[in-house]
Amino acid sequence: MIETRLLRQFIAVAEELHFHKAALRLHMAQPALSQAINRLEEKLGFALLERDRRGVKLLPAGAAFLETAYTVLGQLQQGVEHTRQVSEGVAGTLTLTSVSIAGYPWLLDTLRRFRLTFPKVRLVIKEMPSASQAKALASGEADIAFLRYLPGQADNIESRLLLDEPILMALPMDHPNAGDAVIELKDFADADFVFTPQVLGSGYHHQLIGLCEAAGFYPRVVQEADQLHTLIGLVACGFGVALVPASIARSMNSDKVVFRPLAAESSSIGLYLNWNTDNPSPLPRQFFSLLESTL
């Protein structure tokens, strides 16, 4: 390992081509500088300088090593500056996970403002189901997660309710109830339903099941799909009906599906902001500050 001090000492000698002038520049004794350059050449195993009575000349190896020394010290300086910016929360990587974000204009606006405010931060956005988000947050793969309620999260995971959004019924356009202003869920006791799998978000899944049970029936689930947009595609194809958050209706533009509100009380579902309190990065706090001014 070659110390950066030796690189700086060699650069001074290579630029001055004079040990005495280089020593004055470095504020050190000339014999000590000569010994330092000798140690550097011993470490490398080859000569860098030609010394004679007329002065000092760079050998071809010395000229090549001078470029290397410039590059190494330059990269080190850049690395130090980048590290300083990371410590100040103006650089680095922020990984954010979410359910589908297209239906949340305030979140999209926050992401836009964050990108403009912190251009040196690499923003990684991953859409995934709530259960997968919780795992990513706990493992440190995610810094911030926007997900549905999940019971039994770890003690170091903080959760804040951001909003409650209505649950809507997604119906094929030609469904007999497609023209209804409000849907009575009990009328769908014999209907086919499409659902997301319970394993992807047990809290969300249980809440939808609970709505059906409160209406006097257990839904007959004929098909499952991991993504809500795929779920809507299945509704459009006539697989069945689906219970979905209002944000999906805002983000979908389909001429084959209609979305209708439910008459049932408490037919809403929460979206939660989650973060790991063990995360030392200042970037989540920077994001929260912008989010607060958006909501």
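A few points about this structure:
- Rounded FRET efficiency, nearest 0.05, which uses the C-beta distance separating Arg5 from Lys120 and R0 of 25 Å: 0.25
- The length gained on full extension between Arg53 and His18, counted as 0.36 nm times the residue separation minus their Cα-Cα distance, comes to 11.5 nm.
- Helix 283-294 and the long axis of the chain differ in direction by around 50°, with both axes built from C-alpha atoms.
- Using just its DSSP H runs of length 4 or more, each adding -39500 (n - 2.57), the chain gives a mean residue ellipticity at 222 nm of -13500 deg cm²/dmol after division by all residues.
- Above 27 Å, the calculated P(r) of the chain contains 59 percent of its Cα-Cα pairs.
- His18 contributes about 80 Å² of solvent-accessible surface, heavy atoms of the protein only, 1.4 Å probe.
- Using a Förster distance of 25 Å, the FRET efficiency for Val182-Gln227 (Cβ separation, nearest 0.05): 0.40
- Averaging the sequence gap over all C-alpha pairs within less than 8 Å and six or more residues apart, then dividing by the number of residues, gives the stretch 51-168 a relative contact order of 24 percent.
- Distance between the stretch 243-295 and the stretch 110-129 - C-alpha centres, whole angstrom: 16
- The order of the peptides 185-191, 51-57 by mean Cβ neighbours within 10 Å, most packed first, is 185-191, 51-57.
- Sequence of Tyr149, Tyr104, Tyr272, Tyr70 when ordered by accessible area, the most exposed leading, probe 1.4 angstrom: Tyr149, Tyr70, Tyr272, Tyr104
- Angle in degrees between helix 4-16 and the longest Cα principal axis of the chain, rounded to the nearest 10: 50
- Whole-number percent relative contact order across the stretch 4-88, with pairs defined as alpha carbons under 8 Å at least 6 apart: 28
- For the chain, the longest principal axis of the alpha carbon atoms and the long axis of helix 202-214 meet at an angle near 10°.
- The orientation-averaged shadow of the Cα convex hull for the stretch 165-267, equal to a quarter of the hull surface, comes to 5.8 nm².
- Label point at Asp155 placed 7 Å out along Cα→Cβ; residues across the stretch 273-294 whose backbone nitrogen lies under 17 Å: 276-279
- Computed over the chain: relative contact order in percent, which uses C-alpha pairs under 8 Å that are six or more apart: 21
- Per-pair calculated FRET efficiency, R0 = 45 Å: His206 and Leu73 via Cβ, rounded to 0.05: 0.15
The values are calculated or read from the model by the stated rules, or taken from the named source; none is laboratory data. Please read these numbers as outputs of a predicted model, since none were measured by experiment. Cβ sites come from the backbone with ideal geometry, for glycine too, and all protein chains shown count toward neighbours. Please note that ligands, DNA and RNA were not included when accessible areas were found on the heavy atoms of the full protein model with its side chains. Shrake-Rupley method; radii C 1.70, N 1.55, O 1.52, S 1.80 Å.
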